[in-house]
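Asks: The structure under discussion is supplied below as C-alpha cells; questions concerning it will follow.
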Amino acid sequence: MSSTPDYFAGVDMGAAFTKAVLVGGQKILGFGMRPSGGRYRETAEAVLEEALARAGLSREQLAGIGITGLGAENAPFSARPFSDISCQARGCRFHFPLVRTVIDIGGQFTKAARLTPEGRVADFLISEKCATGSGRFLQVMARILQIDWEAIGPLSLKSKKPVEFSTGCAVFAESETVSRLAEGARPEDLLAGMHRAMASKVAMLVKRLKMEPEVVLTGGGAEDVGLVRAVSEALGLEVRVPEHPRLTAALGSACLTEGSQP
C-alpha cells in the first residue's frame with residue numbers, strides 16, 4: 001500500500017464568491033477564490049486550477065471533488081454534491097473540533113446551525129430575505145460611505161457614539177444613513193450602529209436555535225472585525241473565527257468527500 005496521501009478538492013460556488021480548497025493528509029494544501037460574477041462554470045474551473053497550482057498538483061492526482069453552493073448544479077466537472085450547511089459544519093469543525101454552533105454570514109443570507117458533539121447538524125435556521133441579515137448590507141454601507149469594504153471593520157472600532165438605527169429594513173436604513181451623514185454623523189459611528197443592528201438580527205436567529213458554545217462565525221461577514229465584536233457582545237460570549245472564513249464551505253466539501261471514500 002502506498003504511503004502517499006490521497007488528495008481531495010472542495011468547491012463552493014457561492015452567490016458572491018466561488019472558492020476551492022485542496023486537502024490531503026489532514027492538511028490544507030492550497031486554495032483559490034474569485035468573485036462569481038454570474039459566470040459560475042468558468043469561475044469554478046479557474047479557482048480549482050488556482051488551488052491546484054498553489055498545491056503543486058494536477059487534476060489527475062485528485063481522488064475526488066466535492067461541490068456545494070448556489071451554483072453547484074452547474075458544476076463544470078464531475079463532483080459529489082453536499083448541502084451548504086453540512087459543508088460549513090464540517091469546515092468549521094476542521095479548525096475548531098469543539099464547535100457546537102456555526103453562524104455563516106454570507107452575501108445573501110445568514111445561516112445558523114447547531115451541531116451534535118459528533119459534529120452532525122442537529123438543527124439549522126436561515127434569516128429572512130433582508131439585506132440587514134447578510135453581508136450585502138456591508139457592501140451597501142461601503143458604497144454609501146465611499147470606503148473600501150476591507151476598511152469597514154477597523155474604522156467602526158474607532159466609534160465613540162454608535163448611531164442607533166430606527167429601522168430594521170435595509171432599504172430604509174440606507175436612506176437613514178444618508179440623512180444621518182447630512183446631519184453630521186461620523187462614518188465610524190454609522191458603521192458601529194450598522195454592526196449592532198446586524199448583530200441583533202444574528203443573535204435573535206441563533207438564540208431561536210438554542211445556541212451552545214463553542215460558537216464559530218464564518219462567511220464574508222466574519223472578515224469584518226467590527227461585526228465580529230458586535231456579534232460577540234450580542235451573544236454574550238467570544239465567537240471564534242477561522243483564518244480564512246470565506247473558505248469553510250469549500251473546505252468542508254473536500255473533507256466530506258474524503259470521508260465518503262471506501
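Asks: At q = 0.10, 0.11 Å⁻¹, what base-10 log of I(q)/I(0) does the Debye formula yield for the chain when every alpha carbon is treated as an equal point scatterer in vacuo?
Replies: Calculated log10 I(q)/I(0) at the listed q: -0.50, -0.60.
Asks: Taking only DSSP H segments of four or more residues, each worth -39500 (n - 2.57), what value at 222 nm results for the chain once the sum is divided by all its residues, to the nearest 500 deg cm²/dmol?
Replies: On the way: 8 runs with 101 residues, N = 262.
That comes out to -12000 deg cm²/dmol.
Asks: Right, something else. Starting with the fewest neighbours, write out CYS87, CYS255 ranked by other beta-carbon atoms found within 10 Å of each beta-carbon. Provide the component values of the computation, followed by the final result.
Replies: Details: CYS87 28, CYS255 23.
Least crowded to most crowded, the residues run CYS255, CYS87.
Asks: What are the lysines whose alpha-carbon lies under 27 Å from the alpha-carbon of LYS19, with same-chain residues fewer than 8 places away excluded?
Replies: LYS27, LYS111, LYS129, LYS201
We did not get these values from a lab; they are worked out from the coordinates using the rules stated. Because the structure is a prediction, the values reported are computed rather than measured. Counting neighbours? That spans all protein chains shown, and the Cβs are built from the backbone with ideal geometry, glycine included.
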